[in-house]
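Heads up: the structure comes next, in structure tokens.
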Amino acid sequence: MSRLAIIAGTGELPRLIAQHSGRDVCVVWFAEHVPEWAQKCKVLAARFEAVGKLLEDLRQANCRDVVFA
């Protein structure tokens, strides 16, 4: 099964999705410091100006579904 990619903002929603999705998740993080809850997941550091690289990284991480939270 492919991973669920969570393009995460701040707040509780990304954490709740990761905890309750029932899937292996990959957290896409745009800030410098990854929150503690996300350190248990695969984390991709991303930059807004490098969308092509992010899409390639998601493909290589076997992420087929993406949610913005």
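The values are calculated or read from the model by the stated rules, or taken from the named source; none is laboratory data. Every value quoted in this text rests on a predicted model; they were computed, and no experiment measured them. Cβ coordinates were reconstructed from backbone atoms using ideal geometry, including for glycine residues, and neighbour counts include every protein chain displayed. Surface areas here come from the heavy atoms of the whole protein model, side chains and all, with no ligands, DNA or RNA. Shrake-Rupley method; radii C 1.70, N 1.55, O 1.52, S 1.80 Å.
Taking θ as phi - 60° and the Karplus parameters 6.51, -1.76 and 1.60, the scalar couplings of segment 59-69 work out to 4, 5, 8, 6, 9, 10, 10, 10, 10, 9, 9 Hz in sequence order, x denoting glycine and proline.
With θ taken as phi - 60° and the Karplus curve 6.51 cos²θ - 1.76 cosθ + 1.60 applied, the whole-hertz 3J(HN,Hα) list for segment 18-27 is 4, 6, 10, 6, x, 10, 6, 10, 10, 9 Hz, x standing for glycine and proline.
Scanning the chain for chymotrypsin sites (Phe, Trp or Tyr not before Pro) lying in DSSP loops with no more than 15 further Cβ atoms inside 10 Å, the longest uninterrupted stretch between such sites is 1-29. Per residue, the chain exposes 66 Å² of accessible surface when a 1.4 Å probe is rolled over the protein heavy atoms with every protein chain present.
Surface composition of the chain: carbon plus sulfur atoms hold 54% of the accessible area, using a 1.4 angstrom probe and ignoring ligands, DNA and RNA. Taking a ≥ b ≥ c as the square roots of the eigenvalues of the Cα gyration tensor, the chain is classed as oblate, since a/c reaches at least 1.5 and a/b does not exceed b/c. Close amide-amide hydrogen proximity is noted between Asp65 and Ala5, each under 5 Å apart and 5 or more residues distant or on a separate chain (H modeled in the peptide plane; Pro and chain starts excluded).
Between Ala50, Ala18, Ala31, the Gaussian network model of the chain with springs among Cα atoms under 10 angstrom shows the greatest mean-square fluctuation at Ala50. The trypsin sites (Lys or Arg not before Pro) of the chain that DSSP puts in a loop, and whose beta carbon has at most 14 other beta carbons within 10 Å, are Arg23, Arg47.
A DSSP coil position with no more than 14 other Cβ atoms inside 10 Å describes the following GluC sites (Glu not before Pro) in segment 12-69: Glu12, Glu32, Glu49.
DSSP beta bridges fully contained in the chain are about 0 percent antiparallel.
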